[in-house]
Amino acid sequence: MKKTLLYFLIFVAVQLGIGGIASVVMSLWFPKVSPTNPTAMIIITAVCSLLLIGMFLWFKWCPVSRNYIRTRPWATLAWTVLLAIGIVIPLTWLMEQIPQSWMPNLMENELKGMMSTSEGYFVVCMLAPLMEEVIFRGAIIRALSEWFAKRWGNTPVLNELSKAEWTAIILSAVIFGIAHFNPAQIPYALIVGILLGWLFVKTGSIVPGFLIHWINNSAAYVAVKLFPTLPTDARLTDYFGSSSTVLRAVVCSLMIALPALYQLVKVKRSSIQS
């Protein structure tokens, strides 16, 4: 548990530290530029992501290798992509059932500004997801699984995973949700975090989780590009025009997501750790 706390504190410290340094530098050298300017946010996010990835790989808190890819898990990755595509609309619809007053969006303008450029796409949809998979799956779930396994053992209880591993998956998802520091993102991140954690423990690799993370964030980027006048917290009816069309989109998406999830449940747990 100490490792988990350490990893989370490092994540927070780097985010706050780089953000604070950037604010001071900009106030001294570029007083007319706000730290929340999209370009500034992109640079800050990129620096934080690269620094955190470098730290976690250098100290081997998240051990990585090419072993998983060498097994040629193309079918698993294909089903993962289909699952990622299929869950976007249903999860968005589910989040819309929660009153917006419970989930204020504290970063609406910043996120939309970052998503409006190709540089922002690379940072928000690829670099930041890679950093989060390295930390929250590659490091935190490992640490939590080891800690709980010492107390409960590793006897499988569901889908080849043990009680210790399921607890690690759920707890890491809670931490992942909190780490977004934005009420509007926490419920979505919590649910997706459980899925990402499950895939990581089952495959032993951050690759499937990164694919889901990348596709999920890319969906937000596409929405911003196609509907630039809509806010980032626009509802599905703003995109599809009516509630009935939204429900049809949800059903069609589930027809993609559920078979993909079923196939991933059937995948044998990998002994490869990468």
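The values are calculated or read from the model by the stated rules, or taken from the named source; none is laboratory data. These numbers were taken from a predicted model, which means no experiment stands behind them. A quick note on method: Cβ atoms are made from the backbone with ideal geometry, for glycine too, and the neighbour counts reach across all protein chains shown. Protein only, heavy atoms only, side chains kept; ligands, DNA and RNA dropped before computing areas. Shrake-Rupley method; radii C 1.70, N 1.55, O 1.52, S 1.80 Å.
Among the residues of region 211-229, which ones are in contact (Cβ under 8 Å) with a residue 60 or more places away in the chain, part of a helix (DSSP H, G or I) and open to solvent by 50 Å² or more (accessible area, probe 1.4 Å)?
First pass over region 211-229, keeping only residues in contact (Cβ under 8 Å) with a residue 60 or more places away in the chain: 211-221, 224-225, 228.
Narrowing the set further to residues that are part of a helix (DSSP H, G or I) leaves 211-221, 224-225.
Those that are in contact (Cβ under 8 Å) with a residue 60 or more places away in the chain, part of a helix (DSSP H, G or I) and open to solvent by 50 Å² or more (accessible area, probe 1.4 Å): TRP214, LYS225.
Restricting attention to region 230-244 and to residues that are more than 21 Å from PRO104 (Cβ to Cβ) and either assigned to a loop (DSSP other than H, G, I, E, B) or open to solvent by less than 40 Å² (accessible area, probe 1.4 Å) (or both), the residue that is modelled with the highest pLDDT turns out to be SER242. Hey, any hits in region 248-271 for a residue that's of a type in the set (Phe, Trp, Tyr) and open to solvent by 60 Å² or more (accessible area, probe 1.4 Å)? Yes: one or more hits.
With respect to the conditions (1) modelled with pLDDT of 80 or more; (2) loosely packed, with under 14 Cβ neighbours inside 10 Å; (3) closer than 30 Å to TRP58 by Cα, PRO156 falls short on a single one, namely (3).
Please state which one of LEU82, LEU57, LEU50 is open to solvent by 50 Å² or more (accessible area, probe 1.4 Å), over 30 Å from VAL265 (Cα atoms) and not hydroxyl-bearing (Ser, Thr, Tyr). Give the steps one after another, and end with the answer.
Values: LEU82 fails: over 30 Å from VAL265 (Cα atoms); LEU57 fails: over 30 Å from VAL265 (Cα atoms).
Of LEU82, LEU57, LEU50, the one residue that is open to solvent by 50 Å² or more (accessible area, probe 1.4 Å), over 30 Å from VAL265 (Cα atoms) and not hydroxyl-bearing (Ser, Thr, Tyr) is LEU50.
On inspection, SER162 fails the criterion of being among the polar types (S, T, N, Q), touching a residue at least 40 places away in the same chain (Cβ under 8 Å), touching a Phe, Trp or Tyr at 6+ places or on another chain (Cβ under 8 Å) and more than 20 Å from LYS60 (Cα to Cα).
Looking only at region 245-274, which residues are among the small types (Gly, Ala, Ser) and either at pLDDT 90 or above or in a helix (DSSP H, G or I) (or both)? Spell out the reasoning first.
First pass over region 245-274, keeping only residues among the small types (Gly, Ala, Ser): 249, 253, 257, 260, 270-271, 274.
Hits for region 245-274 are ALA249, SER253, ALA257, ALA260.
Tallying residues that are open to solvent by 20 Å² or more (accessible area, probe 1.4 Å) and aliphatic (A, V, I, L, M) within region 130-148 yields 1. Name every residue in region 137-173 that is over 21 Å from ILE212 (Cα atoms) and among the β-branched types (Val, Ile, Thr), in order of residue number. Matches in region 137-173: THR155, VAL157, THR167.
Of all residues in region 140-152, those that are closer than 12 Å to TRP61 by Cβ have Cβ atoms under 6 Å from Cβ atoms of residues that are in a helix (DSSP H, G or I) and open to solvent by 100 Å² or more (accessible area, probe 1.4 Å), 6 or more apart or on another chain, in ALA143/LYS3.
Being closer than 23 Å to ILE42 by Cβ and free of Cβ contacts under 8 Å to residues at least 60 places away in the same chain narrows it down to one of PHE136, PHE176, so name that one. Give the steps one after another, and end with the answer.
Details: PHE136 fails: free of Cβ contacts under 8 Å to residues at least 60 places away in the same chain.
None of the others qualify; the one that does is PHE176.
The set of residues in region 171-191 being crowded, with 18+ Cβ neighbours inside 10 Å, more than 15 Å from LEU91 (Cβ to Cβ), modelled with pLDDT of 90 or more and not polar (S, T, N, Q) consists of LEU171, ILE175.
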